[in-house]
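Colleague: The structure that follows is given in the form of structure tokens.
Readers should treat all values here as calculations from the given coordinates under stated rules, not as data from a laboratory. This one's a predicted model, so the numbers in the text were calculated from it and none came from an experiment. FYI the Cβ positions are ideal-geometry reconstructions off the backbone, even for glycines, and counts take in every protein chain you see.
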Amino acid sequence: MYHVSELYIYPVKSLAGISLSNAEVFPRGFKYDRRWVIVNDQNRFLTQRTLPMLTQFGIQLRNSEIVVYDKRKSSSSISFPIEMKTGNTGSVRIWNSDVNAIFADDEVNEWFSSAVEQDVRLAYMPDSSSRLIGHENSGDHIVSFADFSPYHILGEQSFEHLNKKLNKQITINRFRPNIIFTGGNPHDEDSWLDLVIGNVHFKGVKNCGRCKVPDLDPDTGESDGEPSRVLKSYRSENDGVYFGRYLVAESAGNISVGDLLSICN
């Protein structure tokens, strides 16, 4: 039997995640998940791939605000609304998609620009804006600022199988999953096509192709290269390395830590 063991949202793309006991499921992702993104002076999205220092920012939800703090400077923090209704708007680029967004206030943008030492802005995806996944198995499903799919699921057994192969133990948050489950065998999730968690029906889209972000130590921002190197030795397929699975939600609802996960393949 499979059960949900952890749930996470990432309110600002490529910043730290927030652990939840219960999550609201919507077509484009968990409520508040990756609705904000940092963009450069060309309005193109930025992540830990090019800015490893983003690992050094902590994040909290406080009432109706997001608080981001710089772990390198104990007194440096900024707050902004979880959701933006009005403000300066424009188009931002994520991969091959152009998305209409609302930009944060100048004070917020100046704080982030100072922290990352380049001109950046924070952009919010409102409900009126949408981005198609664009995969043959995803239908007309939409996604926020996540790389590919609204949901990423990873098994504890898959992770522990990897961890035993590493010279130095790492934490599962390097892989930035939304849903972590326990039970079964390593990589059971690879073949999941249809599953139900709580009162929500999910569909498996494809396995998650890994970039180099999991090589970054979330505490230091430094890359050790080991997870990618080891994964490549036993999780390579075609042109990539795969670990975890992408999902879309076929219905809205709520899921909680402890929920039974049922496979309907």
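Colleague: Please enumerate, by chain and number, the lysines with C-alpha under 30 Å from the C-alpha of Lys31, excluding those fewer than 8 residues away in the same chain.
Modeller: Result set, ordered by chain and number: Lys13, Lys71, Lys73, Lys85, Lys203, Lys206, Lys212.
Colleague: Percentage of Cα-Cα pair distances in region 130-235 greater than 22 Å, rounded to whole percent? Show your work: numbers first, answer last.
Modeller: Working: 2028 of 5565 pairs.
When every Cα pair of region 130-235 is considered, 36 percent fall beyond 22 Å.
Colleague: Taking R0 as 35 Å, what FRET efficiency do you get between Leu132 and Lys168 from their Cβ-Cβ distance, rounded to the nearest 0.05?
Modeller: Calculated value: 0.35.
Colleague: Under a 10 Å cutoff between Cα atoms, tell me which one of Lys71, Lys164, Lys31 has the largest fluctuation in the Gaussian network model of the chain.
Modeller: Sorting by GNM fluctuation, first place goes to Lys164.
Colleague: How do the peptides 33-40, 235-242 rank, highest first, by the average count of neighbouring beta carbon atoms within 10 Å per residue?
Modeller: Numbers: 33-40: 24.4, 235-242: 13.0.
Put in order of decreasing packing, that is 33-40, 235-242.
Colleague: What list of ³J(HN,Hα) values in whole Hz, one per residue of region 162-175 in order, does the Karplus curve 6.51 cos²θ - 1.76 cosθ + 1.60 (θ = phi - 60°) give from phi, with Gly and Pro shown as x?
Modeller: Running phi through 6.51 cos²θ - 1.76 cosθ + 1.60 with θ = phi - 60° gives 5, 4, 5, 8, 8, 5, 10, 5, 10, 9, 5, 5, 4, 8 Hz.
Colleague: In nanometres, what is the gap between the two model label sites at Ser191 and Glu226, each 7 Å from Cα along Cα-to-Cβ?
Modeller: In this crude spin-label approximation the distance works out to 3.2 nm.
Colleague: Over the Cα atoms of the chain, how large are the radius of gyration and the largest Cα-Cα distance (Dmax), in Å?
Modeller: Cα-based Rg and Dmax for the chain come out at 18.0, 51 Å.
Colleague: What list of ³J(HN,Hα) values in whole Hz, one per residue of region 12-21 in order, does the Karplus curve 6.51 cos²θ - 1.76 cosθ + 1.60 (θ = phi - 60°) give from phi, with Gly and Pro shown as x?
Modeller: Whole-Hz 3J(HN,Hα) from phi for region 12-21: 10, 3, 6, 9, 4, x, 10, 7, 10, 8.
Colleague: Enumerate the amide H contacts of Ser76 below 5 Å, restricted to partners 5 or more residues apart or on another chain; note that Pro and chain-start residues carry no placed amide H.
Modeller: Amide H to amide H, under 5 Å and 5 or more residues apart or across chains, Ser76 pairs with Asp70.
Colleague: Let me ask you something else. For region 1-80 and region 231-259, compute the distance between their C-alpha centroids and round to whole Å.
Modeller: Cα centres, region 1-80 to region 231-259: 19 Å.
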